[in-house]
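In what follows, a structure is listed as structure tokens, so that the remarks can point back to it.
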Amino acid sequence: MQFGLNESQEILKQNARQFFAGECPMTHVRHLAESKQPYDPALWSKMAAQGYTGIIFPEKYDGLGLGKVELILLLEEAGRALLPGPFWSTVAVAGAVIDAVASDAQKTKYLARICRGEARSTLALVEAGAAWDLADASLVAANGRLTGEKLFVLDADVADFIVVAAPSGVFLVEAQAPGLSVTPMPALDLTRHLYAVQFKDTPAEKLGEGANLTRALNIATAALVAEMVGGMQRVLDLTVDYAKMRKQFGKPIGTFQAVQHQCADMYLETESSRSAAYYAAWALEHDAPDAATATSIAKMYASDACRAVGNRGIQIHGGNGFAWENDLHLYYRRAKASETMLGDATFHRERIARLVIDPVSASCGGNDRSSR
Amino acid sequence: MDLNLTSEEMQFRDELRSWLAAHVPADWAERREESLESRFEYLRAWQRKLFEGGWAGVSWPKQYGGCGANLMQQVIFWQEMALASAPPMANTLGLGLIGPTIIAFGTEAQKTRYLAKILSAEEIWCQGFSEPNAGSDLASLQTEARRDGNFYVVNGQKTWNSYGWIADWCELVVRTDPNVPKHKGLTVLLVDMKSQGISVRPLRQITGESEFAEVSFRDVRVPIENVVGNVNQGWDVAIGTLMHERGTFGAGLQITFRRNMERLIELAAGFERNGRSAAQDPLIRQKLAQCYGEIEVMRWNQMRAFSRINATGVPGPEGSIQKIFWSELNQRLQQVAQELLGPFGQLAGSSEHSIDKGIWAYGYLRSRGNTIEAGTSEIQRNIIGHFVLGLPRSY
């Protein structure tokens, strides 16, 4: 048993860290956020040149053919850099769904374009009921056409095609399709944008059945957790640096246990989220029996942890942490958006309950309380 | 990253598993409710059996009679012990802390004299570290040892000595030089608990049992050959001992928590809440799922930490997050149990209405000590703040 990165994984992570530090520094993130640009096409091309846009997809579609662990290491570094734009939604969500449900011909047509960096995409999943599991989905698909509305669709305005989850299957809609309209849903996160997407008798290509959607969404969820971990790590680093430098009462505030212990908790929360993200990725890669449970546990834990880490980070920064020019709020905004995305802790606790409580209750009904 | 056991690890596990299946006493479940004192000989016999089977001293090198297991095998050992519901070993501190300290710092004569009897549970050991006025600030301890010819003469008072009421020997930290900075005047002695001048008083704790004792020393004469390591360098020896406290034992603890969790999930089906099964109550489901998830995160944190220790060879200060995580988690788990069981949660085993012979009432009280024993949560957070994050010392 060896729960650590191997040499090539370590190299991938280090390279990604250097890449994002060089190509996407905070000044660039701020520039994109403040000029309301959803993403940087030049940066996208460079990411594609690194193979990042095809990291987990088969080589026959021009992907790198690496595993889920490699995917989450990349997302962790993207999260640390607060990479703006549709990388997660294109690769870890839409790409993973296409890979899971579509035919070989469709993958050659769509997935290969994602791998080569020629196309951006996203998944339209949630409707007005705000369920993350299609339980309340009512989008109508008939005769190759979609009618209805999807909400909270990330990056929809830059998507070249949108993958749509409907009760009757998974579809793909080209950006230019008639009857498709994309409306911004202005929200907290300034570096990744949400849209409402309306379909009015919009032509759509069916990719496959919804049965394999859950597994793809688990991959997307683990990748999102990894991205959250990267953000937490950055907030922790900024906060510890600040606590060493900022002086009050003649000494660095990091000397005070009221501050120090909050930093220790941030460390615990970040490391524990990281353990969970790595484990979930490994379990998904190997189709372990607990892969779905592990993914929900990771999202449950990290959803609460990333909020807590952000709160502590800003608290320790005092007034400076509340200021617009400080980078913390950009991370704080992303953390809140990611906390909700694909289900918050409450959603995933219920999912865990269905996976681990219900089978037991069903089999032991009115058990004897004293028979341990 | 490969989270499967290697074929070597699997072989070790299978061998141990079949040995345990054949040897774990069947009546342990009934005897676990008895007081520590009354079942001590039973635990001693169990350790003896492990020793004869070659399984005592799992981390100890083979040349000292141990099992010579590598780190991952030690992890497997504690997991399998928990999975087999095996009783604990009588000489917990001797095996886990003091033996390894003697192996690391002791003389050949000391190794020959003490180690075999630790393994066989013939001699039980306790630690004399904490004092009434030296807990978290251990280095400020005041028990003094004055040199007198070929002896040290010890005077002072120790407290919270686990197994102090039964121990034959004690790893004692004393002050041998009061005129130097506090960390630099300490020495570790091996003290025969039957020496004249030692008096032991069991310390009754919140649960009503006496796991611990107070030990006082009045002109106790200890031969100088019983010094471990160098005189006035006892702090290094003591820290070496405490590092073992955050070892692989936690792997078994995780399994115990998981079993408690599984039992709570079973119990939830038999309790009612708001007119339906508690297992269907949204709030109870949320709380159980949260605990279930955290117990898994504890396992994954441990797996990462063990792999890191395996790679680097030393348990680092990051180990402090394991201690904080399991201790605070167990308190939350016990509280969730209380909420689920409602008024039944408080019942002792002697009540005919009790659940699981009162273990939940006991567990609630016992878990209160988890964030205090083996380094308080506050000290663990100091360790992370200073040694991991590099923040200035706060004291």
Pairs over 18 Å Cα to Cα, from A:K68/B:K287; A:K107/A:K299; B:K158/B:K194, come to A:K68/B:K287; A:K107/A:K299
Can you give the direction-averaged projected area of the convex hull of the alpha-carbon atoms in the range B:1-82, in nm²?
-> 6.6 nm²
Amide H neighbours of B:I198 at under 5 Å, excluding residues fewer than 5 places away on the same chain, with H built from the backbone geometry, are B:R218
Candidates A:V360, A:V163, A:V240; GNM for chain A (alpha-carbon contacts under 10 Å) flags as most fluctuating A:V360
Among B:F325, B:F271, B:F51: highest mean-square fluctuation, GNM of chain B, C-alpha pairs under 10 Å = B:F271
When chain A is treated as a Gaussian network with springs between alpha carbons less than 10 Å apart, the largest mean-square fluctuation among A:T27, A:T293, A:T183 is found at A:T27
Where in the range B:324-364 is the amide nitrogen less than 14 Å from a point lying 7 Å along the Cα-to-Cβ axis of B:S136?
-> B:324
At most 12 other Cβ within 10 Å, DSSP loop - trypsin sites (Lys or Arg not before Pro), the range A:1-41 | A:K36
Reachable lysines from B:K62, Cα under 17 Å, same-chain residues fewer than 8 places away excluded?
-> B:K111, B:K117
Residues A:I98, A:I357, sorted so that the one with the fewest Cβ neighbours within 10 Å comes first = A:I357, A:I98
Treating cross-link reach as a plain straight distance, find the lysines whose alpha-carbon is under 22 Å from the alpha-carbon of A:K150, omitting any fewer than eight places away in the same chain.
-> A:K200, A:K206, A:K336
Ranking B:E131, A:E174 by Cβ neighbours within 10 Å, fewest first, what do you get?
-> A:E174, B:E131
Normalise the Debye intensity by I(0) for the range B:246-388, one equal point scatterer per Cα, no solvent, then take log10 at q = 0.12, 0.16, 0.21, 0.22 Å⁻¹ and round to two decimals.
-> -0.55, -0.87, -1.25, -1.32
How large is ³J(HN,Hα) for each residue in the range B:258-263, as worked out from phi by the Karplus curve 6.51 cos²θ - 1.76 cosθ + 1.60 (θ = phi - 60°), to whole Hz, x for Gly and Pro?
-> 5, 5, 4, 4, 4, 5
Pairs of Cα atoms under 8 Å, at least six residues apart: use those to get the relative contact order of chain B, whole percent.
-> 12 percent
Amide H to amide H, which residues 5 or more places from B:L203 or on other chains are under 5 Å from it, using H placed in the peptide plane?
-> B:F212, B:A213, B:E214
HN-Hα couplings for the range B:291-296 via Karplus (6.51, -1.76, 1.60; θ = phi - 60°), in whole Hz with x for Gly/Pro, come out as 5, 4, x, 5, 5, 5
For the residues B:V75, B:V336, B:V220, what sequence is obtained by ranking on other C-beta atoms within 10 Å, fewest first?
-> B:V336, B:V220, B:V75
Taking Cα pairs closer than 8 Å and at least 6 residues apart, the relative contact order of chain A in percent is 15 percent
Quick one: plug the Kirkwood hydrodynamic radius of the range B:125-233 (C-alpha pairs) into Stokes-Einstein at 25 °C, 0.890 mPa s, and report D in µm²/s.
-> 178 µm²/s
For the A:E23, B:M10 Cβ pair and Förster radius 41 Å, calculated FRET efficiency rounded to 0.05 is 0.35
Using θ = phi - 60° and Karplus 6.51 cos²θ - 1.76 cosθ + 1.60, couplings along the range A:106-111 (whole Hz; Gly, Pro as x) = 5, 5, 4, 7, 9, 5
Taking 0.36 nm per residue of separation and subtracting the Cα-Cα distance, what length does fully extending A:T147 through A:K109 add?
-> 11.3 nm
For q = 0.07, 0.09, 0.10 Å⁻¹, what log10 I(q)/I(0) does the protein assembly as shown give under the Debye formula with an equal point scatterer on each alpha carbon and no solvent?
-> -0.59, -0.92, -1.08
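The numbers here are math on the coordinates, done by the rules we state, and not lab data. Values in this document were obtained by computation on a predicted structure and should not be read as measured data. All Cβ positions, even for glycine, are placed from backbone atoms using ideal geometry, and neighbour counts span all protein chains on display.
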